[in-house]
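Following: one structure in structure tokens, then a few remarks.
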Amino acid sequence: MNDLNLYVLQLLLVAAGVSALVWRTNIVCRLQVCGWVLLNYVIALRYGLIGQLEFYSNDQLHFVDVVETLLAGTVSADVDWWISSARVPFTIPAFVLASAGIDVALALKTTSLLFLLGTTHLIVRRARIQSLSGSALLSFMTGVAFSGSFFSSLAQRETSMMFFAVLLFVGKSPAVRGASLLMLLLLRPHLAVAIAIGWICAVLSQRDFRKRSWSPGRAVTAIASGAVIGYVLFGVGFQYQTGISGIFGHQFGIRPVLRIASNFMGLQFLTAYDTTIELSVSQLLLGRLIFAETILIPVAFTLHVLTSRGTSQLTRWTLWSFAIYVGLVTNTDFNSFRQNIPLIPVMGLCVMEVLKHKTDSRRSTAEFRTLAET
């Protein structure tokens, strides 16, 4: 049996085991497992066992190297390696699977799948939508359908960040939220900092919110203020890492404003630096057609905060966090949907909760009228 056949056999066995765990949960999870198997098979068949690690992003090579280092027992005693490079919330579960004999790359991909399934479980439990059509819309509008399944087929940390971000926002226990924040610090420190400061801003603005209703002006103020906070945080973080103060990724002007605004429409690639884009604009637009939720979710969330007269605490926290995060990452050369995907499920969840509330209100009104007429 050659290496590819052995890999496919392991792929099918892992899929069977995961399917047995989630088969009685909901149809979305079952479809995610089926999509994961198909995507991984096609990627391995098309690019080979080595080439698949450079498909879409060669970051996968780094995570394979980390797990192989752990398996060899030659780990570094450098604390910075454990904090900044190992990404232990993602690689340690993969290490456990690989220790059981699963191919290292497949162990990482399995970990990605498990985090996606965990994210889906959190979202379904929070939304409490029972119908098949409602579940389909929920999975699409929270990014766990197409784009989530795609990232689960890669040996990357995106779905782990999705999971811990959702758990941080919707978790009920302070201990759970604290642990989730710590995991995000290990996976992507600036994202964790943005969410933490976003929570502080949302709480402080809540006091003023009790006096005045939500308005487009308040939404724009939150976005602009959050972006400025993120801008300052970049300078602070750069000084912490290098000891050099006063360094920022850009100066204020129309270009950074457009880059920030493009994130709220899912069109980051239109304002990205040419040196960071490998594909043409037409190819990137085609990708957005395939993964339409990458545009629809940010746009729907932005329209919600700009047009609503009332917003939930979850929505305000998400808005502040996303604005701060975008203000920070647009200081860097790289700004893409992939960077924003940890917050996409929460943004979609905010939109879906509003839709569910309106639907329930209409249904209650219709039932009341029916009873009144009888």
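General remarks:
- Residue within the range 36-44 that is farther than 30 Å from Gly134 by Cα and over 21 Å from the mean Cα position of the chain (by Cα) present: yes
- Flag for Val18 being within 30 Å of Leu132 (Cα to Cα), within 21 Å of the chain's Cα centre (by Cα) and not in a loop (DSSP other than H, G, I, E, B): no
- Test: residue in the range 238-254 that is at pLDDT 70 or above, buried (at least 16 other Cβ atoms within 10 Å of the Cβ), under 23 Å from the mean Cα position of the chain (by Cα) and outside any loop (DSSP other than H, G, I, E, B): no
- For the range 80-97, the criterion of a residue being surrounded by fewer than 14 Cβ atoms within 10 Å (Cβ to Cβ), without any contact (Cβ under 8 Å) to a residue 24 or more places away in the chain and farther than 25 Å from Ala192 by Cβ is satisfied by no position.
- Selection over the range 295-322 of residues that are of a type outside the set (Val, Ile, Thr), in contact (Cβ under 8 Å) with a residue 60 or more places away in the chain and assigned to a helix (DSSP H, G or I) gives a count of 11.
- One residue alone among Ile102, Ile123 is of a type in the set (Val, Ile, Thr) and over 28 Å from Phe169 (Cβ atoms), and that residue is Ile102.
- Ile43 being within 30 Å of Thr142 (Cβ to Cβ), in contact with a Phe, Trp or Tyr (Cβ under 6 Å, 6 or more places away or on another chain) and either at pLDDT 95 or above or not assigned by TED's automatic domain parsing to the domain that holds Phe150 (or both): yes
The values are calculated or read from the model by the stated rules, or taken from the named source; none is laboratory data. Computed from a prediction, not measured in an experiment: that's the story for all the values here. Note that we place each Cβ from the backbone using ideal geometry, even for glycine, and neighbour counts take in every protein chain shown.
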